[in-house]
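Below is one structure, written out as structure tokens; the observations come after it.
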Amino acid sequence: MDKITTITGVAVPFRRSNVDTDQIIPAVFLKRVTKTGYEDALFHSWRQDPDFILNRPEYQGATVLFAGQDFGIGSSREHAVWALRDFGITAVIAPRFGDIFRGNSGKQGLLVGTVDEELVEKFWELIEAEPGRAATVDLVARTVSVADFTVPFDIDDYTRWRLLEGLDDIGLTLRDEARITQFEAARETWRPRTLPVR
Amino acid sequence: MSDTATAPSTGPKTLAEKVWNDHLVVKGEDGSPDLIYIDLHLVHEVTSPQAFDGLRQAGRPVRRPDLTIATEDHNTPTLAIDRPIVDLTSRTQIETLRTNCEEFGIRLHPLGDIEQGIVHVVGPQLGLTMPGITVVCGDSHTSTHGAFGAMGIGIGTSEVEHVLATQTLPLAPFKTMAITVEGELRPGVTAKDIILAVIAKIGTGGGQGYVLEYRGSAIRALSMDGRMTICNMSIEAGARAGMVAPDQTTYDYLKGRAHAPEGADWDAAVAYWDTLATDDDAVFDAEVYLDASELEPFVTWGTNPGQGISLSESVPSPDSYSDPNDRQAAERALEYMDLAAGTPMKDIKVDAVFMGSCTNSRIEDLRAFASIVKGQKKADHVRVMVVPGSARVRLEAEAEGLDKVFEEFGAEWRFAGCSMCLGMNPDQLAPGERCASTSNRNFEGRQGKGGRTHLVSPLVAAATAIRGTLSSPWDLAVSTGSTTEGVNA
């Protein structure tokens, strides 16, 4: 995973709440066995509408999405994160996220930060006043800015550290392999085993 | 989430905290997540190929193939399963799972196998899901397994790879929420109505950061199938997991199943399981109450599972919401659903009825549906699809003659899989079609592009299939004399 410190790019006022991962990427695009190339699938249904915000010329190059409450709820499909990333969106700011989506984002280098609903509204107004303007998300300072309006965003310390360092989760866990082995040695015999087949 | 913390290792604890603490490999410090051991990993074809690729690229083996099991469910056809899958991309995905399981030594129940089915039906059915364990799967409905007093957590593909490689997951601490449902359900009201009412009450984000524990006399009275229906939809309230404390109902369900503990192991397990219930003086971070006796058959009107009301009510007006975001969401939902505020829910005509999904495809669900449609004919204009949750459920239903009941009713009796719940295989709604569905998500296009979904219980699905409009069994009792007595799915 690449290290992230600051993200700057076209800001998008995504005035929708409860955006579920079925909207981000419909199930028919989940048949593939690859991890890249999902840019066409992003918001597939909504993008059929020429007026959909990501189709508008002023928001081409979309990089930072400012979304409403409960972005990324529903299905665990990590494809939602891959589709956003492949499309070029590298940060999403919203008042609240679906838990699994937020977790998936952290593993895949999509920066997901929370700010209060009123502040998202303020960002929407600022961006709409001058469509196409950039946002800057500073992971070191934990701030997000549009023009001269800057506010802090929330991200848990652990995810922030991993994104800043570009760390692989599995590698981190395997540093504790001895403790995993120790735990396994004490595991009770009644606990489930799938093998041998019974 | 700096305001959250699991309980200390001493003092009164909740069910969730006990299970969590007993799986702690490394306690996180300074804001790091806890490293939690995973007892059981369920794998399916859709969220695993990229995880296996990751292992290959890093040269890592699967740490515990003996704690891992795979089946094919999301992307499989429910017709002509003995023939090659027509859609080439789907076929490749299925074949990729088979190759991966072979290469990494993972037990697989492929299409056509007697143990094949929806992962969340297969685990409990094999006796692999049991109290006090941690279960993960690359599927958000892993919360289902919480019905046994297990902690079932839905994960993404990166986490699937992580569990395959390490049999652990770094997980942030959670908060606990008690959902207490007291009283007796009226005939015709079921587990599905309870959970739809819970989600309508707390909202799609209301459970965010929490593990829910369902408690109270109405939950105790439910069968395991009913409890699975409830825990299954915990994720629709945004929760990390949903659980029910194990009791005699749990043990009776589990005993004698293929992978349930035996002999001294069984006794040791039960002795431990009996300690799991939340301590009397434990404190939840949040509490929600519902009176079961006041519940009616429930139905969703909108495009998220929180947009639900009693079937006897009318489509709400967006103006009735004070929060501007809720109002806007309601406006958008009504437009997508092509519904006018004020329309009685029971006046809404449907084109299709889907009876299936990991929420409601177990044998009791099929029995409940059959109890209403037996000897009836479906409404002419309605297409009715019945999809069992597993190959075994299908066989069990056929042994009871339920397949004949469905066919005489005019329904299609399919092979096991996720089917129209997520519209990934060919079982999809056409644009504009409206469906009463026993599944778990009414998101835009979930059951097929442009399709419109109303989430309901098996009993409501059955009554709707008969009348052709959203209906409860109560409506039938008047017009056809059907009874719902004894049905408690």
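The values are calculated or read from the model by the stated rules, or taken from the named source; none is laboratory data. Quantities reported herein were computed from a predicted structural model and do not represent experimental measurements. In this analysis, Cβ positions are derived from the backbone assuming ideal geometry, glycine residues included, and neighbour counts consider all displayed protein chains. Side chains included, ligands, DNA and RNA excluded: accessible areas come from the protein's heavy atoms. Shrake-Rupley method; radii C 1.70, N 1.55, O 1.52, S 1.80 Å.
Do any GluC sites (Glu not before Pro) in the stretch A:159-198 lie in a loop, going by DSSP, with at most 14 other beta-carbon atoms within 10 Å of their beta carbon, and if so which?
Details: sites: A:GLU165, A:GLU177, A:GLU184, A:GLU188; in loops: A:GLU188.
Counting only loop positions with at most 14 other Cβ atoms within 10 Å, the GluC sites (Glu not before Pro) in the stretch A:159-198 are A:GLU188.
Counting helices only, and only those DSSP H runs with n ≥ 4, report the 222 nm mean residue ellipticity of chain A as the sum of -39,500 (n - 2.57) divided by its residues, in deg cm²/dmol to the nearest 500. Don't skip to the end; give the middle numbers.
On the way: 7 runs with 60 residues, N = 198.
It comes out at -8500 deg cm²/dmol, rounded to the nearest 500.
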For peptide B:158-167, the mean count of other chain Cβ atoms within 10 Å per residue Cβ is 5
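Find out how many positive minus negative residues lie around B:ASP30, taking Lys and Arg as positive, Asp and Glu as negative, among other residues whose Cβ is under 12 Å from that of B:ASP30. Provide the component values of the computation, followed by the final result.
Details: positive: B:LYS27; negative: A:ASP156, A:ASP157, B:GLU29.
Counting the neighbours of B:ASP30, the net charge comes to -2.
On average, how much accessible surface per residue is there in the stretch A:1-154, in Å², for a 1.4 Å probe, leaving out ligands, DNA and RNA? Before the final figure, lay out each step's value.
Details: 5440 Å² over 154 residues.
Each residue of the stretch A:1-154 exposes 35 Å² on average to a 1.4 Å probe.
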Per residue of A:182-191, what is the mean number of Cβ atoms on other protein chains within 10 angstrom of that residue's Cβ?
6
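Taking the Cα centre of the stretch A:5-133 as origin, work out the dipole magnitude from +1 charges on Lys and Arg Cβ and -1 charges on Asp and Glu Cβ, in debye rounded to 20.
Details: 14 positive and 18 negative charges, 119 e Å.
For this selection, approximately 560 debye.
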GNM, chain A, Cα, under 10 Å: largest mean-square fluctuation among A:ASN55, A:ASN18, A:ASN104?
A:ASN55
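Sort A:GLU117, B:GLU29 from largest to smallest accessible area, using a 1.4 Å probe on the heavy atoms of the protein chains.
Result, largest first: B:GLU29, A:GLU117.
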Just the ratio, please: alpha-carbon radius of gyration of the stretch B:210-328 over 2.2 N^0.38 Å, N its number of residues.
1.38
In nm, give the distance between the simple-model label positions of B:ALA430 and A:LEU167, each being 7 Å from the Cα along the Cα-to-Cβ direction.
5.5 nm
Can you give me the C-alpha center-to-center distance between the stretch A:1-65 and the stretch B:301-328, rounded to a whole angstrom?
27 Å
Sorting B:SER140, B:SER322 by accessible area (1.4 Å probe), largest first, what list results?
B:SER322, B:SER140
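Label the protein assembly as shown by shape, choosing from rounded, prolate and oblate, from the square roots a ≥ b ≥ c of the eigenvalues of the Cα gyration tensor; if a/c is under 1.5 it is rounded, and otherwise prolate applies when a/b is larger than b/c, oblate when it is not. Write down the numbers at each step before the final one.
On the way: a/c = 1.42, a/b = 1.11, b/c = 1.28.
Verdict is rounded for the protein assembly as shown.
Can you give the extra length, in nm with one decimal, that the chain gains between B:ALA221 and B:ARG56 once fully stretched, where that is 0.36 nm per residue apart less the Cα-Cα distance? The partial results should precede the final answer.
On the way: separation 165, 0.36 × 165 = 59.40 nm, distance 4.75 nm.
Gain on extension, B:ALA221 to B:ARG56, equals 54.6 nm.
If R₀ is 30 angstrom, what is the calculated FRET efficiency for the pair A:ASP40 and B:LEU79, using the beta carbon separation as r and rounding to 0.05? Mind dumping the intermediate values first?
Working: r = 29 Å, r/R0 = 0.97.
Result of the calculation: an efficiency of 0.55.
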Which distance in nm do the two modelled labels at B:ASP280 and B:VAL86 give, with both placed 7 Å along the Cα-to-Cβ direction?
6.3 nm
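At 222 nm, what helix-only mean residue ellipticity would chain B give, in deg cm²/dmol to the nearest 500, using -39500 (n - 2.57) for each DSSP H run of four or more? Please list the in-between numbers first.
Details: 16 runs with 153 residues, N = 489.
Helix contribution divided over all residues of chain B: -9000 deg cm²/dmol.
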Nearest 20 debye, what's the magnitude of the dipole of the stretch B:185-296 about its Cα centre given +1 on Lys and Arg Cβ and -1 on Asp and Glu Cβ?
440 debye
For a quick check of understanding: with a 1.4 angstrom probe and all protein chains in place, what accessible area in square angstrom does A:TRP161 have, to the nearest ten?
100 Å²
Shape call for the stretch B:52-98, from the Cα gyration tensor axes a ≥ b ≥ c (a/c under 1.5 means rounded, otherwise prolate when a/b beats b/c, else oblate), comes out oblate
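If you take the accessible area of B alone plus A alone and subtract the pair, what total do you get in square angstrom, rounded to 100, with a 1.4 Å probe?
Details: alone 18480 and 11070 Å², together 23350 Å².
Its buried surface, counting both partners, is about 6200 Å².
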If packing is taken as the average count of other Cβ atoms within 10 Å, what order do B:239-251, A:63-75, B:286-298 fall into, highest mean first?
A:63-75, B:239-251, B:286-298
Rounded to the nearest 10 Å², the accessible area of A:GLU130 using a 1.4 Å probe with every protein chain kept is 100 Å²
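Please report the relative contact order for chain B, taking Cα pairs under 8 Å with a sequence separation of at least 6, and give it as a percent rounded to a whole number. Can you show the working numbers first?
Values: 1177 pairs, mean separation 82.9, N = 489.
The value is 17 percent.
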What order do you get for A:25-37, A:80-92 when each peptide is scored by the mean count of other beta carbon atoms within 10 Å, highest first?
A:80-92, A:25-37
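Stretch A:THR150-A:GLN48 to full length: gain in nm at 0.36 nm per residue minus the Cα-Cα span? Could the numbers behind the result be given before it?
Working: separation 102, 0.36 × 102 = 36.72 nm, distance 3.39 nm.
Separation in residues times 0.36 nm, less the Cα-Cα distance, equals 33.3 nm.
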Rounded to two decimals, what is Rg over Rh for the stretch A:48-136 when you use alpha-carbon atoms and the Kirkwood radius?
0.96
Taking the Kirkwood radius as the inverse of the mean 1/r across Cα pairs, report the Rg/Rh of the stretch B:358-489.
0.94
What's the FRET efficiency of A:GLU130 with B:ALA341 using the Cβ-Cβ distance as r and R₀ = 25 Å, to the nearest 0.05?
0.10
Among B:PRO426, A:VAL64, B:VAL46 - extreme Cα towards positive end, dipole of the protein assembly as shown, charges at beta-carbon:
B:PRO426
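Please tell me which of these pairs span more than 32 angstrom C-alpha to C-alpha: B:LYS346/B:LYS449; A:LYS122/B:LYS346; B:LYS346/B:LYS404; B:LYS18/B:LYS201? Spell out each step's value before the answer.
Working: B:LYS346/B:LYS449 24 Å; A:LYS122/B:LYS346 41 Å; B:LYS346/B:LYS404 28 Å; B:LYS18/B:LYS201 27 Å.
From B:LYS346/B:LYS449; A:LYS122/B:LYS346; B:LYS346/B:LYS404; B:LYS18/B:LYS201, over 32 Å: A:LYS122/B:LYS346.
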Heavy-atom accessible area of the protein assembly as shown with neighbours in place, 1.4 angstrom probe: carbon+sulfur share in percent works out to 49 percent
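Would you mind giving the mean number of other chain beta-carbons within 10 Å of the Cβ of each residue in B:253-260, as a whole number? If you can, show how the numbers build up before the last one.
On the way: counts 0, 0, 0, 0, 1, 2, 5, 3.
Neighbouring Cβ atoms belonging to other protein chains average 1 per residue here.
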Of the candidates B:SER472, B:ILE372, B:MET345, the farthest towards the positive dipole end of the stretch B:337-489 (Lys/Arg Cβ +1, Asp/Glu Cβ -1, centred on the Cα centre) is B:MET345
Which one, B:ALA269, B:LEU254, B:GLY226, is farthest towards the positive end of the dipole of the stretch B:213-269 when Lys and Arg carry +1 and Asp and Glu -1 on their Cβ?
B:GLY226
Cβ charges +1 (Lys, Arg) and -1 (Asp, Glu), total dipole of the stretch A:91-133, debye
360 debye
Could you give the length gained by full extension between A:ARG175 and A:ASN55, i.e. 0.36 nm per residue of separation minus their alpha carbon distance, to one decimal place?
38.7 nm
